[in-house]
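The values are calculated or read from the model by the stated rules, or taken from the named source; none is laboratory data. Quick caveat: nothing in here was measured; it's all calculated off a predicted structure. Cβ: placed from backbone, ideal geometry, glycine included. Neighbour counts: every protein chain shown.
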């Protein structure tokens, strides 16, 4: 299994999952865009994507080989749900003070700890990526796709998750959670779908 995390979703917020499975943080590696697709295409069993990670899976879903996919807080085009000015403000905040920007974001999404991971400047590319438009078409498939729709998400509205469901025809579980899903809950969801 591969877990493709969200923006600034470092292994310290999911310590057990990151120990058990291949754990990838989008854009933390400056060369991320060059290798991530080849990496996730190799997975034949299960892919789990959270937020930005889910969007990256959706972007290339027709090229993937995984039989089962779990998408947590997925979205098609981020700026359909979040004003682009907010993303621009976050980019400027990141340029001023990376650690403070990530800590503020973590607090907003429900993570109750301060970042310990070294934050690479390349993480800014993930914020810039959120502004890009993708042309998502309906995807007819034989994969087992589960969408985790978060009902008290402080980043994305429930509509974002349901719009994904309309395009890919996956099953939906509504979960009473902010944008960050606690690790114990997430581990249970993964275990029940392995």
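From the list 87, 82, which one is within 16 Å of residue 156 (Cβ to Cβ), at pLDDT 95 or above and part of a loop (DSSP other than H, G, I, E, B)?
82
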### Task
Output the residue which, of all residues in segment 59-78 that are surrounded by fewer than 18 Cβ atoms within 10 Å (Cβ to Cβ), over 15 Å from residue 170 (Cα atoms) and more than 15 Å from the chain's Cα centre (by Cα), is modelled with the lowest pLDDT.
63
### Query
How about segment 23-56: which of its residues are in contact with a helix residue (DSSP H, G or I) (Cβ under 9 Å, 6 or more places away or on another chain) and within 17 Å of residue 189 (Cα to Cα)?
23, 46, 47, 48, 49, 50, 51, 54
### Task
For segment 37-58, state whether one or more residues are surrounded by fewer than 21 Cβ atoms within 10 Å (Cβ to Cβ), farther than 18 Å from residue 181 by Cβ and in contact (Cβ under 8 Å) with a residue 40 or more places away in the chain.
yes
